[in-house]
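Taking it in order: structure first as C-alpha cells, then the write-up.
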Amino acid sequence: MDIRESLEQIIDAAIAAAREDASLALESAPEAALERPRDESNGDWASTVAMRSAKLAHKNPREIAQIIVDHVPASDMIEAIEIAGPGFINIRLSNAVLQNVVAQVRAEKGDFGRSTLAGGPCKVNLEYISANPTGPMHVGHGRWAALGDATARVMRHAGYDVYEEFYVNDHGVQMNNFGESVAVRYQQLLGRDVELPEACYAGAYVKDIAQAIIDEDGDKWLDADPHERMLNFRERAYKMMLADQQRICEGFGTTFDRWFSERTLYVEDENGETAVSRALRAMDEKGYVFEKEGATWFRSTAFDDEKDRVLIKANGEMTYFMSDVAYHYDKMQRGFDHLIDIWGADHHGYIARCEAMLAAWGWPGMLEVMLGQLVNLFRDGKPVRMSKRTGEMITFEELIDEVGVDATRFLMLSRSSDQPIDFDIEVAKKKDNTNPVYYVQYAHARICSILRKAAPADVAAAAEAGEISMDDLAARVIPADVDLSVLTDASELALMRKMADFGEFVALAARDRAAFRLTHYTQDLAALFHQFYTNCHVLVDDENVQAARLALVDAARIVLALALSLLGVSAPTKM
C-alpha cells in the first residue's frame, strides 16, 4: 500500500468514527480522495471531503473538516494536519515517512513503484508502427516506435499484461505496385527505356533494391515474363524492406512479440476457412452484414458511424477495411481483454468504423485508438524536410544515426501524442543542459561519480571498469543499518517526496496512456537532485550524515534509472 492509500484510509477511518458517535449525521460519505495541494506550503496532501459532504451533513464545510480532524487516529505518518480555506484538510507527512522511501527504493530497486491491477492483470494487445513494407520508415514511424514501446513498458510496471504487435501490410495492390516499381527500375538500370507508372514507388531506395537484384542475378530477368518478374521482385523487395524494419526497430530497442502478416488472414485452414471468412460470418450472424449493388456491406451506422462501409467490392475484391475487420476479430479470438492501436492523426476518420466492428461482435469499448500527431524536424530552428544524402525525406534510420537512440526516444516522448513535436536535430545532439535527455542522464552519471568517490580505490576502479554494478558498489559503501533520520534538510525532503510519488505517477501514466509524463518526471527529479547537491555536501566528516546522504543519492540513482528504463532510455554511469 502506498502513502496516499494509507492516508486515505486514515481519513476514511476518521469519518467512520465521526459517524459512529453521531458527530456527523451522514448516511454515507464521499471517500477521502486525496490530491496534491497546488501550493506546497499547504502540506503534502489535501482532502476536499468536508466540502463534498456539506449538503449531506447540513453543516458548514469547515465545521465538518474540524470534526473529521478531531477524529483522526494517531499515526506516525502525519506530522501535522490542519484546516484551510473553505474546508480543505491539509496533511503534512512526517519526515520518517519520507525517509523510509529511501530504504524502500534501495530494497526494491527495479520493482519500486510496481503495482497490480484490481481483479488481476488486463491482457492488452498493443499494435503500433505497422509501416507498409514498401518503403523506408519515416520519422513519424519513429514517434510511434518510441510511444508504443514506452507505453508497453509503463503499463507493464503498472500491472498490465501487454503483448506488442506489428501489423505487416503485405497483402493487396500496393505490394504488386512495389514489385512493379522494382521491375521498372531494374530495366532502367540495364539500359531499357521504360517509364515508371504513376502508381509505382519512385524513391531512390527502389533503385537500390533493383541494383541488389542485378548484382545477384544480372540481366536474367530482363526478358522474363513480366508478371513472373513482378512476383519475384515483389517477394525479394518485401523481404528486404521487412528485414530493414526489423533491424531498425531492434536497434532502437523496440521489440515485438509478433510481426503479424496481413497475408495470413487469407490463408485457408483445414476446413477451407480463412480469418476473413470467419470474421465476416461472425458479423453476419449478428445481423450487421448486407448486400447492395453486388457488394457486401457492414451496417456500421447501427453504431453511430456516419455511413455504412463496404467489405467486399462488387468485383469480389476485398477492401482494406475487410482486412482490418478480420485482423481485429483475430486479436479478440486470441483472448485479449483490450485492444490498443496507435495510428497517425490522419487516420482519425477511421476510428468510428473500427469501434463499430468490435461493437457489432458484442465487444463495445474493447478498442482504444491512440492518435499521434506529426513530427516537425528542425535544424537550429530552421525546418528540415529533405535528406542531404538522397534529396528526399529524412528517414527514421537517418535520424537515429545522427542523433542517437536515447535523444531520439526522449524527445519523441517529450509531449503528449495528441500534440505535434518540434524536433530540433542540433538541440538533440548538444552535450549541455539545454538538451533535456543529457540533463537527466548527467544527473545519473553524477550520482554514480559520487558513489565511486566514496568507495575504496579498488572498488571504485572495478565499478569504473564495469566489473561490478553500481548496486554492488553502493552496497559496499553504504552501511546496511544506515540511520536515515538525519535527512531533514528541505532539499533532502523535496527529493524524497518526489521519489515517493513515483509509483502513483507510473500508475496514472499507464491508465492515461501518457508515457510522456515520465520525461517530465525525470527532469523534475534530476533538478531536485542538482538542488540537493548544491545545498548539501554528500562526502562530509560526519559519518552518519555521509552514509545517509549516500543512501539518498543512491535511491535517486535507482529511481532515475528506472524511470529512464520505462522510456527505453539508458542511464549512463559516466559521461
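Defining a contact as two alpha carbons under 8 Å apart and six or more residues distant in sequence, what relative contact order in percent does segment 328-474 show? It would help to have the intermediate numbers written out before the result.
Working: 147 pairs, mean separation 25.2, N = 147.
The value is 17 percent.
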Mind pulling the angle between the C-alpha long axis of helix 95-108 and the longest principal axis of the chain? Nearest 10 degrees, somewhere in 0 to 90.
-> 40 degrees
Run the 1.4 Å probe and let me know the accessible area of residue 377, rounded to the nearest 10 Å².
-> 20 Å²
Based on the Cβ-Cβ distance of residue 266 and residue 222, what FRET efficiency does E = 1/(1 + (r/R0)^6) give at R0 = 22 Å, to the nearest 0.05?
-> 0.10
Correct option for percent of Cα pairs over 48 Å apart [calculated from the coordinates] among (1) 28; (2) 11; (3) 20 = (1)
Rounded to whole Hz and in sequence order, give me ³J(HN,Hα) for segment 354-365 from the Karplus expression 6.51 cos²θ - 1.76 cosθ + 1.60, θ = phi - 60°, writing x for Gly and Pro.
-> 6, 5, 5, 5, 5, 5, 4, 7, x, 10, x, x
For the chain, find the longest principal axis of its Cα atoms and tell me its angle to the long axis of helix 320-333, 0 to 90°, nearest 10.
-> 50 degrees
Kindly report the accessible area of the chain per residue (heavy atoms of protein chains, probe 1.4 Å, no ligands, DNA or RNA), in Å².
-> 46 Å²
Under a cut-off of 29 Å between alpha-carbon atoms, report the lysines in cross-link reach of residue 207, not counting same-chain residues fewer than 8 places apart.
-> 220, 239, 388
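In whole percent, how big is the carbon plus sulfur part of the accessible area of segment 321-383, probe 1.4 Å, protein atoms only? Spell out each step's value before the answer.
Working: 1270 of 2470 Å².
Taking all protein chains in place, segment 321-383 shows 52 percent carbon and sulfur surface.
For the chain, what proportion of DSSP beta bridges, expressed in % and rounded to the nearest 5, is antiparallel?
Working: 22 of 45 bridges.
Just about 50 percent of them are antiparallel.
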Karplus-derived HN-Hα couplings along segment 127-144 (A = 6.51, B = -1.76, C = 1.60, θ = phi - 60°), whole Hz, x at Gly and Pro | 10, 7, 6, 6, 6, 4, x, 10, x, x, 6, 9, 5, x, 4, x, 5, 5
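Considering only protein heavy atoms and a probe of 1.4 Å, how much of the accessible area of segment 85-138 is carbon and sulfur, as a whole percent? Let's see the in-between values first.
Values: 1130 of 2120 Å².
Carbon and sulfur: 53 percent of the exposed surface of segment 85-138.
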Listed pairs 431/498; 382/429; 430/574; 382/574; 109/430 exceeding 24 Å between Cα atoms = 431/498; 382/574; 109/430
Residue order for 185, 497, 299 - accessible surface, 1.4 angstrom probe, largest first = 299, 497, 185
Residue 376 long-range amide H proximity, modeled H, under 5 Å = 421, 422, 423
Each residue of segment 517-529 in order: what ³J(HN,Hα) in whole Hz does its phi give by Karplus 6.51 cos²θ - 1.76 cosθ + 1.60, θ = phi - 60°, with x for Gly and Pro?
-> 4, 5, 5, 6, 4, 5, 5, 5, 5, 4, 4, 5, 5
Express the relative contact order of segment 102-222 as a whole percentage, based on alpha carbon pairs under 8 Å and six or more residues apart in sequence.
-> 25 percent
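Using only the heavy atoms of the protein chains and a 1.4 Å probe, how would 58, 338 rank by accessible area, largest first?
Values: 58 155, 338 30 Å².
Solvent-accessible surface, decreasing: 58, 338.
Using a probe of 1.4 angstrom, how much of the accessible area of segment 407-507 is carbon and sulfur, in percent? Spell out each step's value before the answer.
Values: 2000 of 4160 Å².
Ligands and nucleic acids excluded, carbon and sulfur give 48 percent.
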With the contact rule set at Cα under 8 Å and sequence spacing of 6 or more, what percent relative contact order holds for the chain?
-> 15 percent
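The values are calculated or read from the model by the stated rules, or taken from the named source; none is laboratory data. Please read these numbers as outputs of a predicted model, since none were measured by experiment. Neighbour counts are summed over all protein chains in view; Cβ atoms, including those assigned to glycine, are modelled from backbone coordinates with ideal geometry. Note: areas computed on protein heavy atoms with side chains; ligands, DNA, RNA excluded. Shrake-Rupley method; radii C 1.70, N 1.55, O 1.52, S 1.80 Å.
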